[in-house]
Each structure stands twice: as structure tokens, then as C-alpha cells.
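These notes are about the structure you will find just below.
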Amino acid sequence: MSRCSNCNLYKGCKNSYIEGGSLASNYKHEVMIVQDYPTFFEDRCDESPSGDTKKKLEYFLEKAGIKPSSVYFTSAIKCSVKKAGDVKNKNLDACRPFLLTEIKRIKPKLIITMGKVSHWMLTDHTSVNEFTGHFTDFSFEYEVDKGVSGIGLGEFSCKLLPTYSLSTSLKKWELNTEIIRHFRKAKLFLKDGFINKTDVPKPFVVRTIEDLNKFRKEMLDSEFASTDCETTGFEFFRDEIINVGYANDK
């Protein structure tokens, strides 16, 4: 495994993942998935993705109908760090040439950034929440202006789709549905070559026993669901509940 010492992060990790790899054997990858950085477990076992990260990623791909053979997996920061807040601009600048070189070599049709850091590195936006699930254009033109033209990027452009990080999905299970929805949008783009606008979900209001039975069946058939209660005040266990909302993955 290649080592890098271009910034201080290499001192706290065992391996530097200069290059990522395939989730399955394939020479042509339509999708490049970029996570923020290798986890501590991935760093120690010398394989990325691995462990819970790999299982979660394969689960998302399966739910979206994306073949692992079409996916190239890598990370924005090549060394393992404890948390995203530890990543600074100097670390992005040190790792960016490696990631851009991978993009040049793979030439993906779509880049999916999973997390704040990977999105930050390729777009210069320090937040990801307001961009998740929305396609944008990515090209080397902007990056050349940032002083990395020496690696001979040439001309290249593709679509970029940001979503939440794999590590966040392990802590906040309610984001799983959102990530799967974003992956399914990626699948539609790969299949049709264009981007459909996301339909606004239609609310279902329970007014009758029949409605309640239908709602119950949908909830039982769902893999993930969330609940939101509106109360007359801010003390949930004391104030009166005036409305209850549910959402599932159907």
C-alpha cells in the first residue's frame, strides 16, 4: 500500500489509501463513490471498504439496484481520522491531487460523494445537508484553478450527487431511507441518461377504519419508518399531542 506524508494526518494511521478499488472485478466503472476517509477499522485491517462500512454500502447498492461491478470506491482523505472536524484545508489540498488522478483514470459517469469532507473537496462547499440528493455538474476546470493542473488533468466532466456519509448512517438509522432514495436517483440517471425531478410525496391522512387498516399494512411492510409528534408545547411528556406524522420507505 502506497504511503503519503504530505500532511500531518499520516502520523495517526497505519495505511494511506492513495488509491481506492473496485467492489467487484471490472475494468469499466460508471460510478465512483467517494467516502470522507477510511474508518479506524479499515485502516487497521488494510482494506477499504470493510466491516460494517462495506456491509452498509452493499446494502444501499442492493436496494437501489446498482451492480457492485459498476462501482469504484475510494475516499477523499486518504488517511484515517477520528472525525470530520479534524480535517482542515491543508489536508484537502494534500489529498486532492490523488483523488483527481483517480477520477481522471476511472472517468466515471457519476460521482457520489458520501459525506461532508468528500463534497467539500470536490465543490468547496463546507456543508452538505442542503445539497444532498441533488445532481450538480463536476469538471476539472474549477480544480485546475486551484493549483493542481500539474498532474495533467485535461478535460473531463460528469455528474456529481452528494449524500450522507456511511459513518453517519451507522449512527442515525433514519438516514438510511434518504441514502437509498439518493442511490435510486443515481440508478435512474445511469439507466436513462437524464435526471428526473423527484416527485413530492403525497400525504395519506387516516380518517376511517379502512384508512387505518391500510396504514397499518404499509407500516408492517416497511423496513424503515419514522414518527413525528406535534404537541401544544415543548415538553413532550407533559403537553398535549395534537398531531402525529409517520413516514416510511415505501
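The values are calculated or read from the model by the stated rules, or taken from the named source; none is laboratory data. Since the structure is predicted, the reported quantities are computational estimates derived from the model, not experimental observations. Cβ sites come from the backbone with ideal geometry, for glycine too, and all protein chains shown count toward neighbours. Accessible surface is based on the protein model in full, side chains and every heavy atom, while ligands, DNA and RNA are left aside. Shrake-Rupley method; radii C 1.70, N 1.55, O 1.52, S 1.80 Å.
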Checklist entry - Applying the Karplus parametrisation 6.51 cos²θ - 1.76 cosθ + 1.60 with θ = phi - 60° to the phi angles of the range 164-173, what ³J(HN,Hα) value in whole Hz is obtained for each residue in order, glycine and proline being reported as x? => result 7, 6, 5, 5, 5, 5, 6, 9, 10, 4
Checklist entry - With every protein chain in place, what's the accessible area of residue 204 (1.4 Å probe, Å², nearest 10)? => result 100
Checklist entry - What list of ³J(HN,Hα) couplings, whole Hz, do you get for the range 71-86 from phi and the Karplus terms 6.51, -1.76, 1.60, once you set θ to phi - 60° and write x for glycine and proline? => result 10, 10, 10, 8, 10, 6, 8, 8, 10, 5, 10, 6, 7, 4, x, 7
Item to check | For residue 231, distant residues with modelled amide H under 5 Å away | outcome: 242
Checklist entry - With every protein chain left in place, what is the accessible area of residue 175 in Å² (1.4 Å probe, nearest 10)? => result 30
Checklist entry - Taking amide hydrogens as modeled 1.01 Å from N in the peptide plane, which residues meet the under 5 Å criterion relative to residue 224, leaving out close sequence neighbours? => result 249
Next on the checklist: Quick one: 3J(HN,Hα) in Hz for the range 54-70, Karplus 6.51/-1.76/1.60 with θ = phi - 60°, rounded, Gly and Pro as x.
Outcome noted: 5, 4, 5, 4, 5, 5, 4, 5, 4, 5, 8, x, 9, 6, x, 5, 9
Checklist outcome for this item: Taking placed amide H atoms and a strict 5 Å upper bound, the residues 5 or more places from residue 112 or on another chain that come that close are 32, 33, 34, 161
Next on the checklist: What distance in nm lies between label points placed 7 Å from Cα along the C-beta direction at residue 246 and residue 230?
Outcome noted: 1.8
Checklist entry - Under a 1.4 angstrom probe, counting protein chains only, how are 221, 211 ranked by accessible area, largest first? => result 221, 211
